[in-house]
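Asker: My questions all concern the structure below.
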Amino acid sequence: MGFLDLFRSSKPKSASLAKERLQVIVTRERAHRSGPDYLPKLHQDILAVIRKYVQVGDDAVQMNLEREGNREILELNIVLPEKG
Amino acid sequence: MARVVVITSGKGGVGKTTTSAALATGLALQGHKTAVIDFDVGLRNLDLIMGCERRVVYDFVNVINGDANLRQALIKDKRADNLFILPASQTRDKDALTTEGVEKVLTELAEEFEYIVCDSPAGIERGALMAAYFADEAIVVTNPEVSSVRDSDRMLGILASKTRKAEQGEGAIPARLLLTRYSPTRVDKGEMLSVEDVQEILSIDLLGVIPESQAVLNASNSGVPVVHEDGSEAGQAYLDAVARFLGEDRPHRFLVNEKKGFFGRLFGG
């Protein structure tokens, strides 16, 4: 470390911030990509079925595909509106 | 058997055309008969970078449509023997690049050429998909910058599934990273992703690192591929990358900032 480094601020360098953000987004996008092609359509269909009974927004159904060894787990999270 | 290589990136403005021109010229200078094709239908630019814009008569789409034959459309480079350019069309729409048409042109080129370099347009639409579809391998051009790295990762996903080889069950085509506009000084200061950072995120092999250099703009201003500027760092780094592409084992250069001034030496690490 040089003498002048003592006077520099210790806030995180922007390059490490860039790396962190990239690792998060790239991991997420890869997981999405590696899922089967029918996932977006399945998502739409599930949403349509729910809407036969209750009105929900587009983000009411969250789908998450996880891989454990050689099996895949499809996690579905459906948020219903509060009664009112 | 010709080797078909696609120069791709996803993001625009990172140096695909500069790299296509440099690689194709470098291969030709090494004695390999090489064709370089501009796939950017509607926005042709390879001709300008190669300095042959005033000699374009027929283009890629003319050949696909049968308005001209390959011999009429190929432009012989003035500086490098063994090098031919197939320019993109400027007026037609992107649908002109049909799979059958592109395959026909590549098959015909493969009879005569050792290397076919496909300069991909930016984005992930038809032109980019067609440039990659028949490729045997890919060079992914990336800047050490968040949007470029993310787009490169996206493109790697496409290369893994949307090429003919992938569709035939041969898996992903080999893809290597070419990191361009690299500034070791800024990496030292923690202001720029390092080559190790980018490699760690993309997890692909490294073909080369091209330092940020005035020579690249000078080269495009004058329409002379940057490998001809062999006194420049960028020109040398591209020649190294060409040698590695041909299987030579060369150490990576220009990765550290060697031009420290007096005060830098006094106070720096």
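The values are calculated or read from the model by the stated rules, or taken from the named source; none is laboratory data. Note that the structure is predicted; figures quoted are calculated from it, not measured. Glycine gets a Cβ as well: all are built from the backbone with ideal geometry, and neighbour counts include every protein chain shown.
Asker: Mind checking whether some residue in segment B:204-216 is of a type in the set (Gly, Ala, Ser), under 17 Å from B:Thr8 (Cα atoms), more than 14 Å from chain A (Cβ to nearest Cβ) and touching a residue at least 24 places away in the same chain (Cβ under 8 Å)?
Answerer: Among the residues of segment B:204-216, at least one is of a type in the set (Gly, Ala, Ser), under 17 Å from B:Thr8 (Cα atoms), more than 14 Å from chain A (Cβ to nearest Cβ) and touching a residue at least 24 places away in the same chain (Cβ under 8 Å), which makes the answer yes.
Asker: I'd like to verify a number: residues in segment B:156-172 that are farther than 11 Å from B:Ile139 by Cβ and touching a residue at least 40 places away in the same chain (Cβ under 8 Å), how many?
Answerer: Looking only at that region, the number is 1.
Asker: Suppose we filter B:Ala234, B:Ala243 for residues that are over 21 Å from B:Cys52 (Cα atoms), at pLDDT 95 or above and touching a helix residue (DSSP H, G or I) at 6+ places or on another chain (Cβ under 6 Å); which single one remains?
Answerer: It is B:Ala234.
Asker: Tell me, please, whether a residue that is more than 17 Å from B:Val224 (Cβ to Cβ), aromatic (Phe, Trp, Tyr), touching a strand residue (DSSP E or B) at 6+ places or on another chain (Cβ under 8 Å) and at pLDDT 95 or above can be found in segment B:31-44.
Answerer: Yes, segment B:31-44 contains a residue that is more than 17 Å from B:Val224 (Cβ to Cβ), aromatic (Phe, Trp, Tyr), touching a strand residue (DSSP E or B) at 6+ places or on another chain (Cβ under 8 Å) and at pLDDT 95 or above.
Asker: Answer yes if at least one residue in segment B:9-24 is part of a helix (DSSP H, G or I) and either over 12 Å from the mean Cα position of the chain (by Cα) or farther than 20 Å from B:Thr180 by Cα (or both), and no otherwise.
Answerer: Taking every residue of segment B:9-24 in turn, none turns out to be part of a helix (DSSP H, G or I) and either over 12 Å from the mean Cα position of the chain (by Cα) or farther than 20 Å from B:Thr180 by Cα (or both).
Asker: Just to be sure I understand, how many residues within segment B:27-49 are out of contact with any Phe, Trp or Tyr (no Cβ under 7 Å at 6 or more places or on another chain), over 22 Å from B:Gly10 (Cβ atoms) and either among the acidic types (Asp, Glu) or buried (at least 24 other Cβ atoms within 10 Å of the Cβ) (or both)?
Answerer: Within segment B:27-49, residues that are out of contact with any Phe, Trp or Tyr (no Cβ under 7 Å at 6 or more places or on another chain), over 22 Å from B:Gly10 (Cβ atoms) and either among the acidic types (Asp, Glu) or buried (at least 24 other Cβ atoms within 10 Å of the Cβ) (or both) number 2.
Asker: Looking at this structure, is B:Asp188 charged (D, E, K, R), surrounded by fewer than 23 Cβ atoms within 10 Å (Cβ to Cβ) and touching a Pro at 6+ places or on another chain (Cβ under 8 Å)?
Answerer: no
Asker: Additional query: So, B:Gly127, is that one in contact (Cβ under 8 Å) with a residue 60 or more places away in the chain and of a type in the set (Gly, Ala, Ser) or not?
Answerer: Here the answer is yes, as B:Gly127 does meet what is asked.
Asker: OK, next. What are the residue pairs meeting all of these: first residue in segment A:45-72, first residue within 20 Å of A:Glu29 (Cα to Cα), second residue assigned to a loop (DSSP other than H, G, I, E, B) and not hydroxyl-bearing (Ser, Thr, Tyr), Cβ atoms under 7 Å, and 6 or more apart or on different chains?
Answerer: Correct list of pairs: A:Leu65/A:Gly35.
Asker: Please report, ordered by residue number, the helices (runs of 4 or more DSSP H) entirely within segment B:93-192 with at least 3 residues that are touching a Phe, Trp or Tyr at 6+ places or on another chain (Cβ under 8 Å) and either among the charged types (D, E, K, R) or away from every other protein chain (no Cβ under 12 Å) (or both).
Answerer: Because the criterion is at least 3 residues that are touching a Phe, Trp or Tyr at 6+ places or on another chain (Cβ under 8 Å) and either among the charged types (D, E, K, R) or away from every other protein chain (no Cβ under 12 Å) (or both), the helices (runs of 4 or more DSSP H) in segment B:93-192 that meet it are B:99-112, B:126-133.
Asker: Determine whether segment B:226-235 contains at least one residue that is in a strand (DSSP E or B), touching a strand residue (DSSP E or B) at 6+ places or on another chain (Cβ under 6 Å) and away from every other protein chain (no Cβ under 14 Å).
Answerer: no
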